[in-house]
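The values are calculated or read from the model by the stated rules, or taken from the named source; none is laboratory data. Note that the coordinates shown come from a computational prediction; the quantities given were computed from them, not determined experimentally. Methodologically, a virtual Cβ is constructed for each residue, glycine included, from the backbone with ideal geometry; neighbour enumeration extends over all protein chains shown.
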Amino acid sequence: MNSAGADPNPVTATAPKPRRRVPFWDNARYACIVLVVLGHAVQRLTYDSDIALAAYLALYAFHMPAFAIISGYFSKSGSPTRVQMARVITDILVPYVIFELLWTLTKWLVEGQAEPNFTKPSWTLWFLLALGIFRLVLPYLALLRWPLAWTVVISLGVGYLPNVDSTFSLSRTLGLLPFFTLGWWLREHDVVARLRLLDARPWWLRVGAVGVLAAAGFTAWHWVDLWEMIDLRHWLFYEDAYADLGGEQWWAGGVRLALMVLALVLSAAFFVLVPRGTYWWTPFGQYTMYVYLLHSFALYPFRETGVLRDLDPTWLWLPLVTLLSVALALALATKPVRWVFRPLVEPRPKWLFADPDLAGKQGHRSDPTGSRRPRAVPGTPR
């Protein structure tokens with residue numbers, strides 16, 4: 001006879017419960033990837049439209065820092081297991097090589113020339129290398145007493161070194177390292193749970209967040225000539241040395257520090273506005289790697305042909321490009337696209353490992369922040 005409350009099914013009684021996904025994080029991931037697509041789509045409009053340039057600057061002020069924060073939140077700082085080390089290879093290095101080869105082939109077919117160089121990431125691929133470096137250095141950063149402070153020092157200091165450039169995306173990686181470390185720190189100290197940051201936000205806080213983002217947009221537009229003159233867009237990339245941006249003064253690092261503070265404020269406002277509930281588009285947040293790696297190929301013809309240049313009026317084309325960017329992000333996360341491109345986006349090359357089982361033990365990860373889709377538990381519906 002079973003005792004009261006015992007599960008009569010031994011499979012479900014002993015099987016671990018599936019990890020419950022928090023809708024907020026999938027919503028945040030999908031919102032971030034939409035902003036990535038939008039930023040790349042709008043870029044060609046910025047040459048002829050001050051409003052488009054202002055939107056572009058406001059977007060780049062925070063969207064990649066926000067993505068880095070999410071990535072850090074789902075990263076572990078302990079000694080990596082063999083499976084975790086294998087994930088760096090299968091989730092980052094192998095897709096990087098695959099898509100770098102695809103970009104080389106694309107450039108050769110379209111432009112008639114290509115110079116394969118795996119040390120110089122093509123267009124969006126820099127973030128894959130950044131994620132790899134982030135994960136490799138995090139266990140060492142976690143050993144330090146003030147990891148956040150040290151990463152800020154590193155980010156500010158690297159801008160003074162002109163020899164640290166885009167090779168292996170190192171300059172951009174070190175520039176954004178504080179945001180990644182902040183995400184890990186929030187998880188490590190359970191800040192999100194203790195402050196109940198994922199609870200529904202009061203209306204006045206949401207209004208305030210809208211006001212912050214609106215103020216950023218207005219500031220970007222009202223002084224757009226100034227931002228263009230000082231080449232603010234390249235400051236926001238965290239890629240070039242200060243001297244290359246006209247910041248030869250000793251206090252040039254203060255400009256980056258101010259931009260980092262701005263990125264934190266805008267990221268906080270963005271996270272306040274991210275919906276907490278589950279919606280029809282929430283599951284797409286599990287497949288952002290597909291959107292990230294594939295959208296640049298969809299936008300490449302528009303980038304090269306210049307069809308997005310001289311589009312007037314802005315009030316028509318900017319909203320239209322925005323809507324098309326959302327539609328593209330949705331389309332690239334759909335099941336048919338995932339089925340076709342899974343071997344490229346989520347490769348599992350067993351032949352690459354001395355222990356082929358390592359590739360099979362990883363499950364599937366299809367967002368660049370490192371979140372894993374939970375496997376179904378035996379005895380539970382899929």
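Within the option set Trp126, Trp103, being surrounded by 15 or more Cβ atoms within 10 Å (Cβ to Cβ), under 13 Å from Ser296 (Cβ atoms), at pLDDT 90 or above and more than 19 Å from the chain's Cα centre (by Cα) holds for one residue only, Trp103.
The residues of region 280-303 that are exposed (fewer than 13 other Cβ atoms within 10 Å of the Cβ) and in contact with a helix residue (DSSP H, G or I) (Cβ under 9 Å, 6 or more places away or on another chain) amount to a single one, Pro301.
Could you tell me whether any residue of region 311-323 is surrounded by 14 or more Cβ atoms within 10 Å (Cβ to Cβ) and closer than 30 Å to Leu182 by Cβ?
Yes, that holds for at least one residue.
Of the residues making up region 216-233, one or more are aromatic (Phe, Trp, Tyr), surrounded by 16 or more Cβ atoms within 10 Å (Cβ to Cβ) and either closer than 19 Å to Tyr73 by Cβ or at pLDDT 95 or above (or both). The set of residues in region 280-311 that are in a loop (DSSP other than H, G, I, E, B) and either of a type in the set (Val, Ile, Thr) or under 28 Å from Glu111 (Cα atoms) (or both) comprises Gly306, Val307, Leu308, Arg309, Asp310, Leu311. In region 7-35, the residues that are part of a loop (DSSP other than H, G, I, E, B) reach residues that are at pLDDT 50 or above with C-beta atoms within less than 7 angstrom, at least six apart or across chains, in these pairs: Pro18/Pro374; Arg19/Pro374; Arg21/Pro374; Val22/Leu198.
So which residues in region 112-136 are free of Cβ contacts under 8 Å to residues at least 12 places away in the same chain and either part of a helix (DSSP H, G or I) or in contact with a helix residue (DSSP H, G or I) (Cβ under 6 Å, 6 or more places away or on another chain) (or both), if there are any at all? Lay out the reasoning, then the answer.
Residues of region 112-136 that are free of Cβ contacts under 8 Å to residues at least 12 places away in the same chain, as a first pass: 112-115, 117.
Within region 112-136, just Ala114 meets the criteria.
Here the condition is being part of a helix (DSSP H, G or I), of a type outside the set (S, T, N, Q) and touching a residue at least 40 places away in the same chain (Cβ under 8 Å); of Asp240, Asp244, it holds for Asp244 alone.
Taking only region 149-169 into account, find how many residues are in a helix (DSSP H, G or I), modelled with pLDDT of 95 or more and buried (at least 16 other Cβ atoms within 10 Å of the Cβ). Please lay out each step first, then the result.
From region 149-169, those in a helix (DSSP H, G or I) are 149-158, 167-169; that's our starting set.
Within this subset, residues satisfying the condition of being modelled with pLDDT of 95 or more are 149-158.
If we keep only those that are buried (at least 16 other Cβ atoms within 10 Å of the Cβ) as well, we get 151-152, 154-156, 158.
Selection size over region 149-169: 6.
Does Leu143 count as of a type in the set (A, V, I, L, M, F, W, C) and either touching a residue at least 60 places away in the same chain (Cβ under 8 Å) or buried (at least 16 other Cβ atoms within 10 Å of the Cβ) (or both)? The answer is no for Leu143.
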